[in-house]
Amino acid sequence: MLRKRSLGLLRNVFAWVLSLLMFIPLLLIVLNSLKDKIHANTMSMALPRKLEWSNYSVVIKEGKLISSFFNSLFYASVSTVLGLLLASIAAYVFARNRTRLNRAMYLFVILGIAMPINFVTTTKVMQLTHLMNTQLGIIVLLAVISIPFSVFLIYGFVGSVPRELDEAGIVDGCSPLKLFFAVVLPLLAPVLVTVAILNFMGGWNDFVLPLYYLNSSDKWPMTLAVYNFFGRFQVNWNLVSADIVLTTLPVIVIYLLGQKYIISGMTSGSVKG
């Protein structure tokens, strides 16, 4: 018993230490976002001598952060909905009709989790489809990239939905689409919320795809707005840090709201059980 308690205590200490180490980069950015230009250039963990809240107002005005915010929100939201819809339908078909062809297609889809992006081929495809430097192109890319992992997560959850519900829906005259959207999809809410949070965070934080495929700064998301504070011979690290903090805040809010929804759903489910 004493050994088990010691192991549990060591695990908790390790988890706390690891959490604090993960928190250090964020703390570094927050501290330097509140310093003046000279002291922020050292990028140290020292506390600011004077809180420079004006850094945030400068970033919002000069960094076009308002338009960048709505661009990021548009890209992340639409790509999340599109990717979630396609992934949930695919996962449902693969899980319910376990033929050899569907099994092979499922394995082919989830192979995308490990396969790297071939940017040369992707660029050629984007050029042929006239999606270069378009908002639709970024949305399609973000949605497609999220599908493999989304299918992987939803596929396992579909197996917990009783097949008797499908049979009851067919007896009641439901079409395949109505059966999926009216009967099965509501039961997938817990995993769909989890996948939506992960996909939204991935779409919001994506830096490489907008960098490669968006040439117009008016279409840049918040992750690229940081370039407005990189000069040829100097970098305003106080403004860069403030920009990073403002870019991170929406993701934290979405994550906390999603976690609250999941926990409340689990709590209500256990109470009903």
- Message: Any residue that is open to solvent by less than 70 Å² (accessible area, probe 1.4 Å) and either more than 29 Å from the chain's Cα centre (by Cα) or of a type in the set (Lys, Arg) (or both) - is there at least one of those in the stretch 20-31?
- Response: no
- Matching residues in the stretch 236-256 - criterion: being in contact (Cβ under 8 Å) with a residue 12 or more places away in the chain and under 19 Å from the mean Cα position of the chain (by Cα): 243, 244, 245, 246, 247, 248, 250, 251, 254, 255
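Within the stretch 1-41, can you find the residues that are among the hydroxyl-bearing types (Ser, Thr, Tyr) and at pLDDT below 85? Full working, then the answer.
Looking only at the stretch 1-41, we keep the residues that are among the hydroxyl-bearing types (Ser, Thr, Tyr), and these are 6, 19, 33.
Of everything in the stretch 1-41, those that are among the hydroxyl-bearing types (Ser, Thr, Tyr) and at pLDDT below 85 turn out to be 6, 19.
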- Item | Qualifying positions in the stretch 86-107 - assigned to a helix (DSSP H, G or I) and open to solvent by 80 Å² or more (accessible area, probe 1.4 Å) | 86, 100, 101, 103, 105, 107
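Would you confirm, using the coordinates I've provided, whether residue 218 is modelled with pLDDT of 90 or more, acidic (Asp, Glu) and either open to solvent by 30 Å² or more (accessible area, probe 1.4 Å) or touching an Asp or Glu at 6+ places or on another chain (Cβ under 9 Å) (or both)? Talk me through it step by step, then tell me what you get.
On the way: modelled with pLDDT of 90 or more: no; acidic (Asp, Glu): yes; either open to solvent by 30 Å² or more (accessible area, probe 1.4 Å) or touching an Asp or Glu at 6+ places or on another chain (Cβ under 9 Å) (or both): yes.
When the stated conditions are applied, residue 218 does not pass them.
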- Task: Go through (1) under 19 Å from residue 75 (Cβ atoms); (2) surrounded by 17 or more Cβ atoms within 10 Å (Cβ to Cβ); (3) not charged (D, E, K, R) one by one and return the number of the condition residue 151 breaks.
- Result: (1)
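Considering only the stretch 221-252, state which residues are open to solvent by 60 Å² or more (accessible area, probe 1.4 Å) and modelled with pLDDT of 85 or more.
Of all residues in the stretch 221-252, those open to solvent by 60 Å² or more (accessible area, probe 1.4 Å) come to 227-228, 230, 232-234, 237, 244, 249, 252.
Result: 237, 244, 249.
Can you work out which of the residues in the stretch 37-65 that are among the β-branched types (Val, Ile, Thr) and open to solvent by 50 Å² or more (accessible area, probe 1.4 Å) is nearest to residue 26 (Cα to Cα)?
If we filter the stretch 37-65 for residues that are among the β-branched types (Val, Ile, Thr), which is where we start, we get 38, 42, 58-60.
Filter once more, so that each one left must be open to solvent by 50 Å² or more (accessible area, probe 1.4 Å): 38, 42, 60.
Working: 38: 20, 42: 16, 60: 20 Å.
Here the answer is 42.
Each row is one residue, and each column tells you yes or no for (1) in contact with a strand residue (DSSP E or B) (Cβ under 8 Å, 6 or more places away or on another chain); (2) closer than 30 Å to residue 242 by Cα; (3) part of a helix (DSSP H, G or I); (4) of a type outside the set (A, V, I, L, M, F, W, C).
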| residue | (1), (2), (3), (4) |
| --- | --- |
| 60 | no, yes, yes, no |
| 72 | no, yes, yes, yes |
| 84 | no, no, yes, no |
| 109 | no, no, yes, no |
| 117 | no, no, no, no |
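Could you tell me whether residue 57 is polar (S, T, N, Q) and in contact (Cβ under 8 Å) with a residue 40 or more places away in the chain?
Working: polar (S, T, N, Q): yes; in contact (Cβ under 8 Å) with a residue 40 or more places away in the chain: no.
The answer is no for residue 57.
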- Task: Identify the single condition in (1) of a type in the set (A, V, I, L, M); (2) in a helix (DSSP H, G or I); (3) closer than 30 Å to residue 223 by Cα that residue 51 does not satisfy, given that it satisfies every other one.
- Result: (2)
- Message: Among the residues of the stretch 126-136, are any in contact with a Ser or Thr (Cβ under 6 Å, 6 or more places away or on another chain), part of a helix (DSSP H, G or I) and in contact (Cβ under 8 Å) with a residue 60 or more places away in the chain?
- Response: no
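Restricting to the stretch 197-222, give me the number of residues that are touching a helix residue (DSSP H, G or I) at 6+ places or on another chain (Cβ under 9 Å) and under 20 Å from residue 117 (Cα atoms). Quick ask: steps written out before the conclusion?
We begin by selecting, within the stretch 197-222, every residue touching a helix residue (DSSP H, G or I) at 6+ places or on another chain (Cβ under 9 Å); these are 197-214, 217-222.
Filter again for under 20 Å from residue 117 (Cα atoms), leaving 198-214.
Summing the residues that are touching a helix residue (DSSP H, G or I) at 6+ places or on another chain (Cβ under 9 Å) and under 20 Å from residue 117 (Cα atoms) in the stretch 197-222 gives 17.
The values are calculated or read from the model by the stated rules, or taken from the named source; none is laboratory data. This one's a predicted model, so the numbers in the text were calculated from it and none came from an experiment. As a convention, Cβ positions derive from the backbone with ideal geometry for all residues, glycine included, and neighbour counts pool all protein chains shown. Side chains included, ligands, DNA and RNA excluded: accessible areas come from the protein's heavy atoms. Shrake-Rupley method; radii C 1.70, N 1.55, O 1.52, S 1.80 Å.
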